[in-house]
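The values are calculated or read from the model by the stated rules, or taken from the named source; none is laboratory data. Remember, predicted model here, so these are calculated numbers, not experimental data. Cβ sites come from the backbone with ideal geometry, for glycine too, and all protein chains shown count toward neighbours. Remember, those area values only see protein heavy atoms, side chains included, never the ligands or the DNA or RNA. Shrake-Rupley method; radii C 1.70, N 1.55, O 1.52, S 1.80 Å.
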Amino acid sequence: MSHIVQIQTEIRDPRIVAKACDRLGLPAPAHRTVKLFNAEATGLAVELPGWRYPVVCQTETGQLHYDNYSGHWGEQCKLDRLKQIYAVEKAKSEARRSGYAVTEQQLENGSIKLQITTSD
């Protein structure tokens, strides 16, 4: 029996953020205070390609702080991809931790299909 699941992503696990950055070929995230255009944010800073300011993950709350000026200072698709890969890596990690086997398949439309099965 299969089930389709939609996930609302909150970025809370620093280890998985680092894994997602590595998978995307991004610099390792670093905990620091970042100046955005008109504010500051402290947390795990992720440098996205082509973005003027880093994305700051506040892992305690799951919130993201960033300023891409509605796409003028960074393409939204780069952030969406980071969140997608974070969600995939987190789901895989939790499934494996619970004793399940996981396979991953990239779909033509950009979606990622995870198949989670018992590892009997």
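Worth a mention:
- Condition met for Arg32 (assigned to a strand (DSSP E or B), at negative phi and open to solvent by 80 Å² or more (accessible area, probe 1.4 Å)): yes
- Applying the condition of being surrounded by fewer than 17 Cβ atoms within 10 Å (Cβ to Cβ) and among the β-branched types (Val, Ile, Thr) to the stretch 72-120 and asking which residue is nearest to the chain's Cα centre (by Cα) yields Ile112.
- Filter pass, Lys19 being within 10 Å of the chain's Cα centre (by Cα), of a type in the set (D, E, K, R) and either modelled with pLDDT under 95 or open to solvent by 20 Å² or more (accessible area, probe 1.4 Å) (or both): yes
- In the stretch 66-111, the residues that are hydrophobic (A, V, I, L, M, F, W, C) and part of a helix (DSSP H, G or I): Cys77, Leu79, Leu82, Ile85, Ala87, Val88, Ala91, Ala95
- Of the residues examined, Tyr53 is not one that is within 16 Å of Asp80 (Cβ to Cβ) and modelled with pLDDT of 95 or more.
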